[in-house]
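The structure appears right after this line, and notes come after that.
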Amino acid sequence: MQQFKGEDYNKLINQEGLVLVDYYATWCGPCKMLMPVLEQIATEKNDTKFIKVDIDEYREQAIKTGIRAVPTLVLYKDGKEVSRTSGYQPREKILEWLEEHK
């Protein structure tokens, strides 16, 4: 998983294929539960790019994207947002969600 460090967000998401962006906070319990699940999926899914964004560090980006709760996963396909979900999601549900948007 790639940690967002203030790069050009549009450049990161405007890639061919799927890009999953995880908006999280270090103090968030469900975010801590979700992180190892996403890290494992990221090692298995070479066809999807995974990016994580700390909402406290990059508040402006979270606001621009309309993030209201953490964790929030935003899925882009070929640079366009196709879906988003909030809260902890089990591994199987995330895998199904990714498959739906392939």
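Here, each number is a calculation from the coordinates, and none is a lab measurement. Nothing here was measured: the structure is a model prediction, and the numbers come from that model. All Cβ positions, glycine included, derive from the backbone under ideal geometry; neighbour counts span all protein chains shown.
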Between L95 and M33, the two model label points (7 Å from Cα along the beta-carbon direction) sit apart by a distance in nm of 1.9
Of all DSSP beta bridges with both partners in the stretch 2-100, the antiparallel percent, nearest 5, is 55
Here the relative contact order (percent) of the chain, from C-alpha pairs under 8 Å and at least 6 apart, is 38
Quick calc: nm separation of the 7 Å Cα→Cβ label points for N46 and E7 -> 2.0
Over the Cα atoms of the stretch 1-61 the radius of gyration and the largest Cα-Cα distance (Dmax), both in Å, equal 11.7, 33
Taking N as the residue count of the stretch 14-98, its alpha carbon Rg divided by 2.2 N^0.38 Å gives 1.01
Sparse-neighbourhood loop hits (trypsin sites (Lys or Arg not before Pro), the stretch 20-74; DSSP loop; Cβ within 10 Å at most 15 others) -> R68
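Could you please report the charge total around S83, scoring K, R as +1 and D, E as -1 over all other residues with beta-carbon less than 11 angstrom from its beta-carbon? Please list the in-between numbers first.
Details: positive: K77, K80, R84; negative: E81, E100.
Once positives and negatives cancel, what remains is +1.
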Cβ-Cβ cut-off under 13 Å around I55, Lys and Arg +1, Asp and Glu -1: the net charge is -1
Net charge (Lys, Arg +1; Asp, Glu -1) of residues whose beta-carbon lies under 12 Å from that of Q3, Q3 excluded, is -3
